[in-house]
Amino acid sequence: MTIKMNRRRLLGSTVAASTAFPLVSILSWPAHAAEFSYKYANNSPVTHPLNIRTTEAAARVLEKTGGKVEIKVFPNNQLGSDTDMLSQLRSGALEFFTLSGLILSTLVPVASINGVGFAFKDYGQVWPAMDGALGAYVRAEIAKRGLYAFSKMYDNGYRQITSAAKPIKTPEDLSGFKIRVPASPLWTSMFKAFGASPTTINFNEVYSALQTRVVDGQENPLSLIDTAKLYEVQKYVAITNHMWDGFWFLANKKAFDALPANLREIVEAEFNASALAERDDLAKMSNTVADTLKGKGLQFVDTDAAAFRAKLKSAGFYEEWKGKFGAEAWAVLEKAVGSLS
Ligand code: X2X
């Protein structure tokens, strides 16, 4: 933006258009104006692997398209909350956006299906499902809403519950617990089933909501608890692994279709390649992040996942969501993870 404005001003005031080109290269500006200048935004801290790898993808796209496609990365909710960015994506004000499937479900209901409590045993089940039939099912639904989802999701991770006043050890400890959840009916439903008192808050307001004790706790993967420095305002983390969460790389379909096919292919291939690299980064990070967080003072609490799962079952959570997603989608999920009821 800045470069373009300066350049336009320069062109207007000092040189004729015909001599602009050599001047530009003398000044060693990175490239002449790209044919397509697009924005990609997300909610995650700059240091999160999501931003490191997507920034690399954008650089490769610029290079491999010979400067024709420039994608500027806006991390850390710079363009607003997830809810804001989803509206911008739909209107075309934003061309690319990574969003949790669960939050996307406010537009595409079945997109929260990967968040069903304790559905995926481990990553050995996650990636074959999301790169396979379950992911394809969700992507087909996304396509009906004017959005295009790239085939490789980025990892967010298995989610854990943090708290400030008291540790959460058992499902009973969640009774009446004031917990922040992201904007998604599945999240609210799940924490109500646990007996907690969930409040919907977008990620850009989570740190301050915890700091001011609007809520007592929240749940996120360890990688985000670390990179977003949530350990500064929380004391305990209960290792529940209560759901797996990932980010769809979404494009505004009209904007994406405006690219010639060969450029589209480059963009999708590079962001898919970076998704695989980001998954790897998080897998490596999982070996060290617990120790990092312990070193920063967060106290770890082990839990019995079976007890939390039993609580969801007795509250009717699985039956309710099987009904909401429908038998067809539920069967695709169960084919990947086994019987849930
Ligand atoms: O909002 C959250 O908690 C986050 C960052 O994990 C999601 O994107 C769902």
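Local charge sum around Glu232 (other residues, Cβ-Cβ under 13 Å, Lys/Arg +1, Asp/Glu -1)? Walk me through the numbers before you get to the answer.
Numbers: positive: Lys229, Lys235, Lys296; negative: Asp226.
Around Glu232, the surrounding residues sum to +2.
Only beta bridges with both residues in the stretch 91-237 are counted; by DSSP, about 50 percent of them are antiparallel.
Counting other C-beta atoms within 10 Å, which of Ile103, Ile71 has the fewest, and how do the rest follow? Don't skip to the end; give the middle numbers.
Details: Ile103 27, Ile71 23.
Going from sparsest to densest Cβ surroundings: Ile71, Ile103.
Which value in deg cm²/dmol, rounded to the nearest 500, describes the helix-derived mean residue ellipticity at 222 nm for the chain, given -39,500 (n - 2.57) per DSSP H run of n ≥ 4 and division by the residue count?
Values: 16 runs with 159 residues, N = 341.
Helix-only estimate at 222 nm: -13500 deg cm²/dmol.
The magnitude of the dipole of the chain, with charges of +1 and -1 set on the Cβ of Lys/Arg and Asp/Glu and taken from the Cα centre, is near 640 debye. Restricting the stretch 95-148 to trypsin sites (Lys or Arg not before Pro) that sit in a DSSP loop and have at most 11 other Cβ atoms within 10 Å of their own Cβ leaves Lys144.
Look at the Cα gyration tensor of the stretch 175-214: its axes a ≥ b ≥ c give a/c of at least 1.5 with a/b at or below b/c, and that counts as oblate. Ordering Ser87, Ser163, Ser314 by the number of other Cβ atoms within 10 Å of each residue's own Cβ, fewest first, gives Ser314, Ser87, Ser163.
Karplus-based coupling profile of the stretch 195-212, in residue order and whole Hz: x, 7, 10, x, 10, 7, 9, 5, 4, 5, 10, 5, 4, 6, 5, 6, 4, 8, with θ = phi - 60° in 6.51 cos²θ - 1.76 cosθ + 1.60 and x standing for Gly or Pro.
Computed from label points 7 Å out along Cα-Cβ, the spacing between Glu334 and Ala258 is 4.5 nm. Distance from the alpha carbon centroid of the stretch 50-83 to that of the stretch 222-264 works out to 14 angstrom.
If R0 is 30 Å, what FRET efficiency do you get for Phe300 and Ala136 from their C-beta distance, rounded to 0.05? Walk me through the intermediate numbers first.
Numbers: r = 37 Å, r/R0 = 1.23.
Plugging the Cβ-Cβ distance into 1/(1 + (r/R0)^6) gives 0.20.
Only beta bridges with both residues in the chain are counted; by DSSP, about 50 percent of them are antiparallel.
Could you size up the charge dipole of the stretch 77-210 around its Cα centre, putting +1 on the beta carbon of Lys and Arg and -1 on that of Asp and Glu, and report it in debye to the nearest 20?
On the way: 12 positive and 10 negative charges, 43 e Å.
With Lys and Arg at +1 and Asp and Glu at -1, about 200 debye.
In this structure the amide hydrogen of Lys39, modeled in the peptide plane, comes within under 5 Å of the amide hydrogens of Lys72, Glu95, Phe96, none closer than 5 places in sequence on its chain. Residues whose amide H lies under 5 Å from that of Phe120, counting only those 5 or more places away or on a different chain, are Trp244; hydrogens are built 1.01 Å from N in the peptide plane. Database remark: amide H of Thr240 closer than 5 angstrom to the amide H of Ile161 (H placed geometrically; neighbours at sequence offset of 5 or more, or on other chains; Pro and chain starts carry no H).
Looking at the square roots a ≥ b ≥ c of the eigenvalues of the Cα gyration tensor of the chain, which shape do they give, rounded for a/c under 1.5, prolate if a/b is larger than b/c, or oblate?
Numbers: a/c = 2.35, a/b = 1.72, b/c = 1.36.
Judged from the Cα gyration tensor, the chain comes out prolate (a/c at least 1.5, a/b above b/c).
Going down the table (Lys169/Lys192; Lys39/Lys253; Lys152/Lys235; Lys121/Lys284; Lys229/Lys313; Lys72/Lys254), which pairs top 24 Å between alpha carbons? Pairs exceeding the cut-off: Lys152/Lys235; Lys229/Lys313. Need one word for the stretch 189-302: rounded, prolate or oblate. Basis is the Cα gyration tensor (sqrt eigenvalues a ≥ b ≥ c); a/c below 1.5 gives rounded, then a/b vs b/c decides. Judged from the Cα gyration tensor, the stretch 189-302 comes out prolate (a/c at least 1.5, a/b above b/c).
Each value in this text was obtained by applying a stated rule to the coordinates, not by laboratory testing. Because the structure is predicted, anything quoted here is derived from the model rather than measured. When we count neighbours, we look across all protein chains shown, and the Cβ atoms used for this are built from the backbone with ideal geometry, even at glycine.
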